Amino acid sequence: MANPSDQEAAQAAAEVKIHPAVATLMNSASRWMDDALKAWAEDDYAKVAVLAPLAVEHLGKATLWRTNPVLIVPLSQDAEHSLISLATKPDISDPRLRTISLAVLLRRLEQILGVLPIDKKRCGRMVEIRNGAVHVGSPSESRHVLLDSLALCKPLLERLKEDPKIFYGDHYWTARSLLEEKLSEAGHRVAAKRARARNHLNALEARLGELLFRETTDKLEEQAAELLDPEDFGSGFYGVDQACPECGSKGRLFGRVEGDPQADWDVEPLGNGLYEPVFAGVDWKLTFHPQTYACNVCRLELFATDELSEGHLPASSYEISEEDLGEEAYGRLIESIEFDHVNL
């Protein structure tokens, strides 16, 4: 007897076979969302706001088609051919097929699903942007449209029994992080930067092939300390090694270093049980104040402590060692600090 997972897989395969239009619409929705998330990673706000609702429209039509193909036909006299065609021999590729607008689609989805994850005002905003009635030019407006689109996709994917990891592909973790509740402004910036870094690596691997890609990224990782100059990220900054939160390579964390000299004293005998204190040198307590992060492999760059925190990187001061700084940087730091051991 087949196990439940095998039965579900067989059922899903049968449904796609019976309704090839569902697969066609889902694939096109996935492509539109892929383009939208790529545009979002590249800060192309207007493009995001147009493409994300298109993904919703196609995914919504796939949902309606799976319920009954005639549900995508508009209630108008000139759509009679479409109604008869879909009721008798449904074919999504029919050039004379007329389908409903996004506004009608959302109303019908609400009746089928019971409730939509966004309110009528946000639905209206999405429709206006989709129809070109509203121009989107700011990051916040674009993000709202993208978030609304992702929120709508969630119940549609569940209804279609489609795995979000397959639908979103390389953007799955980006989509998931965007939908996290209470994600701060810094969190949105970091999510976009990580998506951009991920896209860069994917494109690089596609261009170079697996073997050359590994060789190239290994070399870039080795060159991080050499190529990423702390002074390019802040005057008086120093750098320490830090694993990249996106690709896992060894990147560089930059910030100021505070050196607190701790006198090391010894004693020399004077005779008759008497001893004289002798200055033996200085032990340095080094405190690192992180401000910026850069990865030489995926090109991820995070600025200020809020982005560092959202990227799960050290965002508060902590103690480091001479080895963390490296011999050359440590020497420069000590030379830059003026102190008199007599006053220690």
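The values are calculated or read from the model by the stated rules, or taken from the named source; none is laboratory data. Just so it is clear, the structure is predicted and the values come from calculations on it, not from any experiment. Note that we place each Cβ from the backbone using ideal geometry, even for glycine, and neighbour counts take in every protein chain shown. Heavy atoms of the whole protein, side chains included, go into the accessibility calculation; ligands, DNA and RNA do not. Shrake-Rupley method; radii C 1.70, N 1.55, O 1.52, S 1.80 Å.
Of note:
- Residues in segment 255-299 that are open to solvent by less than 40 Å² (accessible area, probe 1.4 Å) and among the small types (G, A, S): G255, G259, A263, G271, G281, A294.
- Selection status of G124, at positive phi and either of a type in the set (G, A, S) or open to solvent by 80 Å² or more (accessible area, probe 1.4 Å) (or both): no
- Hits in segment 209-240 (condition: open to solvent by 50 Å² or more (accessible area, probe 1.4 Å), touching a helix residue (DSSP H, G or I) at 6+ places or on another chain (Cβ under 9 Å) and in contact (Cβ under 8 Å) with a residue 24 or more places away in the chain): L227
- Residue within segment 279-295 that is part of a helix (DSSP H, G or I) and more than 30 Å from T174 (Cα to Cα) present: no
Quick grid of which residues meet (1) under 12 Å from S149 (Cβ atoms); (2) without any contact (Cβ under 8 Å) to a residue 40 or more places away in the chain:
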site: V22; (1), (2): no, no
site: P53; (1), (2): yes, no
site: I72; (1), (2): no, yes
site: S76; (1), (2): no, yes
site: L86; (1), (2): no, yes
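- Checking A206, A195, A175 one by one, the residue that is open to solvent by 70 Å² or more (accessible area, probe 1.4 Å), assigned to a helix (DSSP H, G or I) and either among the small types (G, A, S) or under 27 Å from A23 (Cβ atoms) (or both) is A206 and no other.
- Whichever residue in segment 300-322 is buried (at least 18 other Cβ atoms within 10 Å of the Cβ) and in contact with a helix residue (DSSP H, G or I) (Cβ under 6 Å, 6 or more places away or on another chain) and, among such residues, is farthest from D229 (Cα to Cα): E310
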